[in-house]
Structures are given as structure tokens and as C-alpha cells.
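Data first, discussion second: the structure below is written as C-alpha cells.
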Amino acid sequence: MFKVLTFNNISARGLDRLPRERFEVSSEIQQPDAVLLRSAKLHDWAVPETLKAVGRAGAGVNNIPVEAMSERGIPVFNAPGANANAVKELVLAAMFLAARNICPAWAFAQTLEGDDAAMNKQAEAEKKRFTGFELPGRTLGVVGLGAIGVNVANAAKALGMNVIGYDPQITVRSAWNLEAGVRRAHSVDEVMAAADVVTLHVPETDDTRGMINGSRLAAAREGLVLLNFARAGIVDDNAVVAALDAGRMRSYVCDFPSAALKGHDAVVALPHIGASTNEAQENCAIMAADEVRDFLETGN
Ligand code: MLT
């Protein structure tokens with residue numbers, strides 16, 4: 001009987017992939033053969049001697065000490081692409097809400113007072129402040145062309161946007177999945193210089209940490225909309241606030257709470273909900289559970 005310890009609420013559809021006659025699955029297990037988790041951080045976890053595999057129901061693995069695990073011969077399986085549609089949909093929503101000033105307009109609407117006629121009068125007097133822009137003909141820059149970046153790029157093409165993408169390590173599969181007409185850039189700087197909206201889809205590594213900094217924002221187009229549904233550490237939040245306050249950037253929408261950004265009118269900071277759909281959680285849990293099961297049972 002293999003013992004699988006679960007951190008976080010792993011979707012039941014995923015846990016069903018571990019037949020109960022061969023797998024004991026619980027959040028209480030003491031000497032697990034494997035761990036299944038979503039966002040729990042394992043860096044300070046005392047890794048039990050019995051551990052043979054880790055399954056992450058998500059794409060990124062920066063909540064897991066992957067190097068330390070591999071030194072002990074413990075593979076870390078993730079679920080690349082399994083939540084790509086969910087993240088793509090939220091990125092598109094973010095792009096629309098930034099282009100149309102939906103959050104500031106909604107916040108303003110909450111301040112209106114009086115009866116309907118009075119509120120409409122105040123709305124008509126102020127609505128010019130919330131004039132937005134349309135997406136067709138605008139350029140979207142996509143940094144990172146893995147499963148999520150490619151999905152976002154293709155959706156933007158379908159909206160009539162020009163798309164420029166950069167990824168030094170693009171796989172053949174991703175390249176094949178890209179719609180024709182997505183222009184390939186040779187650097188992040190080239191993307192920043194060309195795009196009205198930039199969206200980030202790279203993991204946080206030593207190479208990408210702080211990648212969007214003051215000088216990159218200074219070189220970006222005037223009125224940049226920046227979207228970060230990847231990892232908080234890729235963007236220097238203080239540099240974003242400086243660029244917003246100087247009027248060089250239009251808005252920043254990200255999927256991470258941040259003290260530096262809190263309360264800023266031109267920022268929407270969400271609580272890391274990019275992958276939070278039932279479908280994505282099922283897909284991720286199924287992929288991670290399948291990998292852990294197969295590894296424990298076959299060694300592959
Ligand atoms: C990911 O890396 O795919 C996301 O962080 C997943 C999640 O939010 O669970």
C-alpha cells in the first residue's frame with residue numbers, strides 16, 4: 001500500500017486516480033511515499049525518509065525545493081498546461097478591464113449618491129475620465145511562450161491584436177501551437193519597446209527575478225498596461241509604482257497581493273486566482289496524481 005500525503009485541497013477527481021486498494025490518501029499521513037500539493041511551501045518541511053515523489057497540481061514549482069529533492073533522488077512532477085485555459089481567461093479579463101478602466105469606473109460608481117436621477121447626473125459629468133481604448137490593432141507583447149503564453153498569444157490574435165512574443169527556450173510544440181502571424185522577438189527589450197500591453201508568462205528563476213525593472217519600464221511605450229499572472233518576483237513593484245506615478249504607465253494588473261501596490265488607483269492586485277477554476281484544479285490534480293501513481297507503481 002502506497003501512502004500519499006495531501007497538502008491543500010486537491011480535487012477529488014485527481015485523488016480518484018489513486019485506487020484506494022493500492023493507495024492510502026490523506027492529509028494526516030506520517031510517513032508518506034509521495035506528496036500531492038497545490039501552493040503549500042515545502043522549503044521548511046522536514047522531508048521524511050520514506051518520500052519517493054512529489055506531485056504539484058500546478059505549473060510552477062517554486063514552492064518546492066526541487067534541487068534538494070533531486071539530490072535525494074526524489075522527482076518533482078508538475079502539471080504544465082493543465083491550467084493554461086484558466087490563466088488565459090483571467091489574463092484576457094485583465095486586459096479588458098485595464099483597457100476600459102473597469103475597476104476605477106466601478107469604484108467611482110460606488111461613490112454616487114442620491115436617487116437614480118441624481119446618480120446619473122454625477123455619472124454623466126464624470127464618465128469622460130474613464131474613456132478607454134480598444135484592442136484590435138494594439139500590440140500585445142507576450143514574454144514566455146509556454147502553454148499559457150501561447151494560449152494568450154493566440155487569443156489576442158483572434159481579438160485582432162498584433163502579437164509579439166519572446167521566449168529564448170521555446171519548445172517545438174509551443175512554436176507549432178502558435179498562430180501564424182505572431183511575431184517572434186529576440187529580447188524582452190524588443191517586446192517592451194513594441195507593445196501597448198505586456199503579459200508575463202515565465203517562471204521565477206535567477207534569470208527572471210526582477211526582470212521588469214525601472215529601466216525596462218522606462219524603455220516601454222508610453223501608457224503601458226502590464227499584466228503579471230506568472231510570479232510576483234518577476235516585477236519590481238516599486239519601479240511599477242514610480243512609472244505609474246510619473247504617468248508613463250497606464251496600469252498594472254497582477255495576481256499577487258503586495259504592500260507596495262496596495263491602494264494604488266492604477267493597480268488591480270488579485271489574490272493568486274489565475275488557476276482557480278474547478279476545471280483547472282481538476283486537470284492539474286489529475287495530471288499530478290497520474291504522474292505520482294505511475295512513478296510509485298512502475299518507477300517511471
Ligand atoms: C501555477 O503555478 O500553475 C499556479 O501557481 C497554480 C496555482 O495557483 O495553484
* Using the structure shown, decide if Phe77 is more than 20 Å from the chain's Cα centre (by Cα) and of a type in the set (Phe, Trp, Tyr). => no
* To do: Return the total of residues in the stretch 265-300 being at negative phi, more than 21 Å from the chain's Cα centre (by Cα) and free of Cβ contacts under 8 Å to residues at least 24 places away in the same chain.
  => 3
* Structure fact -> The lone condition Asn300 fails out of (1) modelled with pLDDT under 95; (2) in a strand (DSSP E or B) is (2)
* To do: Would you check which residues across the stretch 231-248 are aliphatic (A, V, I, L, M), within 17 Å of the chain's Cα centre (by Cα) and in a helix (DSSP H, G or I) and list them?
  => Ala232, Ile234
* Tell me which residues, restricted to the stretch 42-78, are in contact with a Phe, Trp or Tyr (Cβ under 9 Å, 6 or more places away or on another chain), part of a loop (DSSP other than H, G, I, E, B) and either among the charged types (D, E, K, R) or surrounded by fewer than 14 Cβ atoms within 10 Å (Cβ to Cβ) (or both). => Lys52
* **Tabulated pairs, the stretch 149-170, first farther than 21 Å from Pro203 by Cβ, second among the polar types (S, T, N, Q) and surrounded by fewer than 24 Cβ atoms within 10 Å (Cβ to Cβ), C-beta under 6 angstrom, 6+ apart or interchain** => Asn162/Thr139
* Name the pairs whose Cβ atoms lie under 6 Å apart, with the first residue in the stretch 116-142 and free of Cβ contacts under 8 Å to residues at least 24 places away in the same chain, the second surrounded by fewer than 15 Cβ atoms within 10 Å (Cβ to Cβ), and 6 or more positions between them or separate chains? -> Met119/Leu112; Gln122/Leu112
* Structure fact -> Apart from one, (1) within 16 Å of the ligand (Cβ to nearest atom); (2) part of a strand (DSSP E or B) all hold for Ser251; the odd one out is (1)
* Output yes when any residue across the stretch 88-97 is of a type in the set (Asp, Glu), crowded, with 16+ Cβ neighbours inside 10 Å and more than 30 Å from Gln30 (Cβ to Cβ), and no when none is. => yes
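The values are calculated or read from the model by the stated rules, or taken from the named source; none is laboratory data. In this text, all values refer to a predicted model and were calculated from it rather than measured experimentally. Cβ atoms come from the backbone with ideal geometry, glycine included; neighbour counts cover every protein chain shown.
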